[in-house]
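The next block holds one structure in the form of structure tokens; read it before the comments.
The values are calculated or read from the model by the stated rules, or taken from the named source; none is laboratory data. Keep in mind it's a predicted model, so treat the numbers as computed, not measured. Please note: Cβ atoms are built from the backbone with ideal geometry, for glycine as well, and neighbour counts cover all protein chains shown.
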């Protein structure tokens, strides 16, 4: 049974119909360099007691500017703290976010509760399962997905703070399990294998909501689980390909400006790259022949 959310998706700009977005040529060129760096601002949620895993507003804004026109509809299937909605509001895009946890939905809606006067667009978070998006979003209306799903079950274990140096490891997060929830529907409770399977199922079911030439961008990191490197970005690529999407681009989120006093991994006998210093933003489209 469908229960579509009332939200617009019509362009509010005068750009050529064939253009991907309103972005200016100089910024398009800058974005072609596939290593991006961001900073946090005072509006960003940084307190892990509020939400255990966030990304900067500036990252969401850069993605939304690259792939949408003013007025078009942005979707975040795992909205969390609502950063995608805040960025969409700043840029005059409509946006809908979904989350299983009412607490996060309330936080997201609070962050966009006071738009500028005469703001032309709407941003809303809804408490619902991403598996149900096809019944909540009008078909053929979404231009962009930007999301950062739970990274399988990497937070569903005691935090060891191995990326911290020395005494900094034993901070208030040490030894805690920073999971979003223990809801069995929560991707953060799943093994890596089941995570890949469910991501594929969710995005396969979601396909009818997309406009032609829609882009789906997913932020993900690789992980160390039980002493082994787990390439979650490959799991995402496999999942999306299985769901019928085309893998288009890789963007590296260079996080070196956001981390400091990191631990020395593997010295002097085992070389290990520091996953805390970078993450992936993976870009997918639906092939034209699908």
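Got a sec? Which of 45, 96 is under 22 Å from residue 207 (Cα atoms), in contact (Cβ under 8 Å) with a residue 60 or more places away in the chain and within 20 Å of the chain's Cα centre (by Cα)?
Checking each option against the conditions leaves just 96.
One line per residue, one yes/no per condition, for (1) out of contact with any helix residue (DSSP H, G or I) (no Cβ under 9 Å at 6 or more places or on another chain); (2) under 24 Å from residue 188 (Cα atoms); (3) modelled with pLDDT under 95; (4) part of a loop (DSSP other than H, G, I, E, B):
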{"position": "41", "(1), (2), (3), (4)": "no, no, no, yes"}
{"position": "65", "(1), (2), (3), (4)": "no, no, no, no"}
{"position": "69", "(1), (2), (3), (4)": "yes, no, no, yes"}
{"position": "74", "(1), (2), (3), (4)": "no, yes, no, no"}
{"position": "89", "(1), (2), (3), (4)": "no, no, no, no"}
{"position": "92", "(1), (2), (3), (4)": "yes, no, no, yes"}
{"position": "97", "(1), (2), (3), (4)": "no, yes, no, no"}
{"position": "120", "(1), (2), (3), (4)": "yes, no, no, yes"}
{"position": "124", "(1), (2), (3), (4)": "no, yes, no, no"}
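Give segment 266-290 a look and list any residue that's farther than 20 Å from residue 212 by Cβ, in contact with a strand residue (DSSP E or B) (Cβ under 7 Å, 6 or more places away or on another chain) and modelled with pLDDT of 85 or more, or say none.
Listed by number, the residues that qualify are 278, 279, 280, 281, 282.
Can you tell me which residues in segment 248-265 are more than 16 Å from the chain's Cα centre (by Cα) and closer than 22 Å to residue 207 by Cβ?
Selection gives 248 alone.
Against the conditions (1) farther than 26 Å from residue 20 by Cβ; (2) surrounded by fewer than 22 Cβ atoms within 10 Å (Cβ to Cβ); (3) at pLDDT 95 or above, where does residue 108 fall short? Just the number, please.
Checking residue 108 against (1) farther than 26 Å from residue 20 by Cβ; (2) surrounded by fewer than 22 Cβ atoms within 10 Å (Cβ to Cβ); (3) at pLDDT 95 or above, the one that fails is (2).
Among (1) out of contact with any helix residue (DSSP H, G or I) (no Cβ under 9 Å at 6 or more places or on another chain); (2) in a helix (DSSP H, G or I), which single condition is residue 9 missing?
(2)
Take residue 108 and decide whether it is assigned to a loop (DSSP other than H, G, I, E, B), touching a helix residue (DSSP H, G or I) at 6+ places or on another chain (Cβ under 7 Å) and without any contact (Cβ under 8 Å) to a residue 60 or more places away in the chain.
Here the answer is no, as residue 108 does not meet what is asked.
Among the numbered criteria (1) part of a helix (DSSP H, G or I); (2) more than 17 Å from the chain's Cα centre (by Cα); (3) farther than 24 Å from residue 48 by Cβ, which single criterion is violated by residue 103?
Every listed condition holds for residue 103 apart from (3).
Find the residue count for segment 22-39, including only residues that are in a loop (DSSP other than H, G, I, E, B) and without any contact (Cβ under 8 Å) to a residue 40 or more places away in the chain.
Here the count works out to 2.
Considering only strands (runs of 3 or more DSSP E) fully contained in segment 179-290, which possess at least 2 residues that are out of contact with any helix residue (DSSP H, G or I) (no Cβ under 6 Å at 6 or more places or on another chain) and within 14 Å of residue 77 (Cβ to Cβ)?
Qualifying strands (runs of 3 or more DSSP E): 210-220.
Spot the failing condition for residue 263; the list is (1) at pLDDT below 95; (2) buried (at least 18 other Cβ atoms within 10 Å of the Cβ), and only one is missed.
With respect to (1) at pLDDT below 95; (2) buried (at least 18 other Cβ atoms within 10 Å of the Cβ), residue 263 is out only on (2).
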